[in-house]
Amino acid sequence: MASHQSSSLALLVLTLTALLISPAESLTCTSQTFTNNARYTNCVDLTQLTAYLHWTHDQSNSSLSIAFIAPPAKSDGWVAWAINPTETGMKGSQTLLAFQSNGAMTVKTYNISAIGPIAESKLSFEVWDLSAEQSDGVMRIFAKLKVPGNGMTVNQVWQVGASVTSGVPDAHPMQTANLNSKSTLNLSGGQTVTPSGGDSRTKKKNIHGVLNVVSWGILFPIGVIIARYLRTFESADPAWFYLHVFCQVSAYAIGVAGWGTGLKLGSESQGVKFSVHRNIGIALFCLATVQIFALFLRPKKDHKYRFYWNIYHHSIGYGIIVLGIVNIFRGYDILQPANKWKSAYIILIIVLGAIALLLEAITWIVVVRRKSSKSTKPYDGFNNGEGRQ
Ligand SMILES: *[C@@H]1O[C@H](CO)[C@@H](O)[C@H](O)[C@H]1NC(C)=O
């Protein structure tokens, strides 16, 4: 049984590891060819998101024929390339965006005037011959357009997203690469990178993520495991109580710090709101604060209200674990860090869950043995452990 379990765990770890290794992107744009035999006079390896642009510029009539290639963030996601005639960032981007719709690739145009949900619209310049295709893990957008501006350079912005919901592309990940995916394209060849303040914000988000995963996602569950299982062993009394308090108070301190960074990030983020993530975060903070008060308000263990206190303390505790883990996964979806971080956390949760299951089994064996040996002090489940609680 045990060896079966460990071999299936090994299999799981192997599978997760295999998922982490993404196919090597060794191509440069010069070695890329097109199945429709299209040829372009120029190409450039874009600076982020393993994206490429091929183009032919016809100065005589200011037309530009482009092919944009990028791997979507997930296979049913989207890719986009835009010219921004007014600024260097996303705001104002005249965007060509491709995704799968009813099994076929489609390209739509968006005049992105603000950050937030986008709606299909006309562009500020003419576009024609739009098409897209998907194969070998990348999506390709083909288009022709009338070059706006001076006809020598254009501000380009490109992006990839993970999903499309009922025909509307969902927000892209907020990692450094997604925030720095812009440059000035020199139509006679080459690109100039526009500097961006994306890095420090990404660092703040990563700190927010680490603090909250450590607190709500790791320390809180460990503290609950200690309280629930360690006290079965008489020799662990009252050590389990102090360990439990230590774990949960540290988790609370780190969690409050993580919560604060989240509120700060939320207040700085204009346009984009993650209300569910935010509301769960606020609920977690309130519940955890109540739990800290519970420490000081707990009745003596033989008090008649102790039974109700136990129900309240335990159910809020389990609620915090569930909400904490749910919110951590929402956070992973928002921040979209490298897959390995999510996988590492999933493995850790599985390990903690397996430890809890094992201890649950051991606890029951201990309890049943004690009962059958007719101990004068039968262990009565978890409501009335034998020491302090
Ligand atoms: C794009 O949106 C901006 C802001 O809403 C608007 O001023 C502009 O006229 C729009 N351009 C086109 C081509 O619709």
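Straightening the chain between VAL168 and PHE329 buys 55.7 nm, computed as 0.36 nm per residue apart minus the Cα-Cα spacing. For the chain, the cysteines with no partner cysteine C-beta closer than 4.7 Å are CYS247, CYS286. Summary value for the chain: 13 percent relative contact order, contacts being C-alpha pairs under 8 angstrom separated by 6+ residues. Tell me, rounded to the nearest percent, the portion of alpha carbon pairs in region 28-91 spaced more than 14 Å apart. When every Cα pair of region 28-91 is considered, 65 percent fall beyond 14 Å. Structure note, pairs LYS91/LYS340; LYS74/LYS144; LYS108/LYS203; LYS204/LYS340; LYS203/LYS273: Cα-Cα distances above 24 angstrom occur for LYS91/LYS340; LYS74/LYS144; LYS108/LYS203. Size of region 208-351: Rg and Dmax of its alpha carbons, in Å, are 16.5, 56.
For region 75-130, the set of GluC sites (Glu not before Pro) satisfying both a DSSP loop assignment and a count of at most 10 other C-beta atoms within 10 Å is empty. For the chain, the mean residue ellipticity at 222 nm estimated from helices alone is -14500 deg cm²/dmol, where every DSSP H run of n ≥ 4 contributes -39500 (n - 2.57) and the total is divided by all residues, rounded to the nearest 500. Each of the peptides 301-309, 316-324 was scored by the mean count of other Cβ atoms within 10 Å over its residues; in descending order, highest first, they stand as 316-324, 301-309.
The modelled label-to-label distance for the pair ASN102/LEU27, using points 7 Å beyond Cα in the direction of Cβ, is 2.9 nm.
Over region 130-233, Cα pairs under 8 Å with separation of 6+ residues give a relative contact order of 17 percent.
Peptide packing for 229-236, 95-102 was compared via the average number of neighbouring C-beta atoms within 10 Å per residue; ordered from the highest value, the list is 95-102, 229-236. Shown here is the pair-distance distribution of the chain: with all Cα-Cα distances grouped in 20 Å bins from zero up to the longest one, the shares run 23, 41, 24, 10, 1 percent. With the highest mean first, a sort of the peptides 66-79, 249-262, 278-291, 103-116 on other beta-carbon atoms found within 10 angstrom per residue produces 66-79, 249-262, 278-291, 103-116. Here the simple spin-label model places points 7 Å from the Cα toward Cβ, and for LEU359 and ALA253 these points are separated by 2.2 nm.
No value in this document is a laboratory result; all are computed from the given coordinates. Predicted, not measured: the structure shown is a model, and the values here were computed from it. No Cβ is skipped: glycine too gets one built from the backbone with ideal geometry, and neighbour counts run over all protein chains shown.
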